[in-house]
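These notes are about the structure you will find just below.
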Amino acid sequence: MKVLLTGAAGQLGQALRTSVPSTINVIATSRNGGDGLEALDLADAAACQAVVAQHRPDWVLNAGAYTAVDKAESEPELAHAVNAGAPGAFARALADQGGRLLQISTDFVFNGSQGSPYRPNQERDPLGIYGASKAAGEEAIEAVFQGDPRALILRTSWVMGPVGKNFALTMLRLHRERDSLGVVADQVGCPSSTLNLARACWQSIQRGSQGTLPPVMHWCDSGAASWYDVSVAVGELGAELGLLDTPASVQPIQTSDYPTPAARPSYSLLDCNDTRKALELSGEHWRTALKTVLQSTAQASGSAS
């Protein structure tokens, strides 16, 4: 099976590349190429269609995205080109030439106001440009495939892995650099380990090739947390694993105490029950998954030194 992977240099892309099933041949792409990767600018819809025509993959796994949530407020055209234009282009090319699509999406397509976990079939209502661009990408796919099971959307949340830029690694650095931290405690969701998310992606492709999966699925680790909870856990686990000497003191603050250009959902927990059943994958608690991520960070640092 041939899979065209976008965003291969990103944190999820790297996890996907290191966990490829033996039955899958991956054509890995990133915006800049290099290091064995083919260059593909997701802002260029024509290039997205051309790469499908060139390689004729069985699947496109679109893990690439514009993910700078705050910066998107000042770059709406670029955010929409990458997050909406590229999925639409892949969908059109695959519908014409054959092939399937797995689109990675986000909890930011919801406004976070309902106070209970979001189910896959709930109405989209994003708060900012980033969420709106990802929602538009989902809509572009649905407009082409009209519920055809060859197109799957997998939403996730609070992605964190041992490489790249993410909240866990930022907090680990700040715990080393500072004595105290103020972290938002009134935004609730759930982290998603890139290691577990990659497993869910490959299972989606393998299962989706053999039968019908729900057209929209949700995947994150189990449990619920605030950003404050995650920061405290990073400090405790970092000290336990010898990644830092003494954790910083973490103080809970309100969203209003830390204003950002983009509004964020106050509650964006995803209901993953149906997805776990469909993929036959059990969920790992977010703190256990976070410990594995931090252990992998330590191993990567050790091998690099």
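Read-outs throughout are calculated quantities, based only on the coordinates presented, and are distinct from any laboratory measurement. Just so you know, these numbers come straight off a predicted model, no measurement behind them. Please note: Cβ atoms are built from the backbone with ideal geometry, for glycine as well, and neighbour counts cover all protein chains shown.
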Unpartnered Cys in the chain, judged by a 4.7 Å Cβ-Cβ cut-off, are Cys48, Cys201, Cys272
Is any helix in the chain, taking whole DSSP H runs, at least 30 angstrom long along its axis by alpha carbon and on average at least -1.0 on the Kyte-Doolittle scale, and which ones?
-> none
For region 150-200, what does the alpha-carbon gyration tensor say about shape, rounded, prolate or oblate, given a ≥ b ≥ c as the root eigenvalues, a/c under 1.5 as rounded, and a/b over b/c as prolate?
-> oblate
How many lysine pairs in the chain, separated by 8 or more positions in sequence or lying on different chains, have Cα atoms less than 26 Å apart?
-> 8
Obtain the radius of gyration and the Kirkwood radius of the chain from its C-alpha atoms and give Rg over Rh.
-> 0.96
Mind running the shape call on region 152-305? Use the C-alpha gyration tensor, a ≥ b ≥ c as the square roots of the eigenvalues: rounded below 1.5 for a/c, prolate if a/b tops b/c, oblate otherwise.
-> oblate
Per its Cα gyration tensor (rounded if a/c is under 1.5, else prolate when a/b beats b/c, else oblate), region 104-236 is best filed as prolate
Based on a Kirkwood Rh over C-alpha pairs, give the Stokes-Einstein translational diffusion coefficient of region 18-143 at 10 °C and viscosity 1.306 mPa s in µm²/s.
-> 103
³J(HN,Hα), Karplus 6.51/-1.76/1.60, whole Hz, each residue of region 76-83, x for Gly, Pro = x, 5, 5, 4, 6, 4, 6, 8
Where both partners of a DSSP beta bridge lie in the chain, what percent of those bridges are antiparallel, to the nearest 5?
-> 10
Where does region 1-92 land on Rg(C-alpha)/(2.2 N^0.38 Å)?
-> 1.06
What residues qualify as long-range amide H neighbours of Leu101, i.e. H under 5 Å apart, gap of 5 or more or another chain, H built at 1.01 Å from N?
-> Val60, Ala151, Leu152
What is the chain's relative contact order, in percent, from Cα pairs under 8 angstrom and six or more apart in sequence?
-> 20
Show me 87-93, 200-206, 236-242 ranked by packing, highest mean number of other Cβ atoms within 10 Å first.
-> 87-93, 200-206, 236-242
If you bin the C-alpha pair distances of region 181-220 every 10 Å from 0, what whole percents do you get?
-> 23, 38, 24, 11, 4
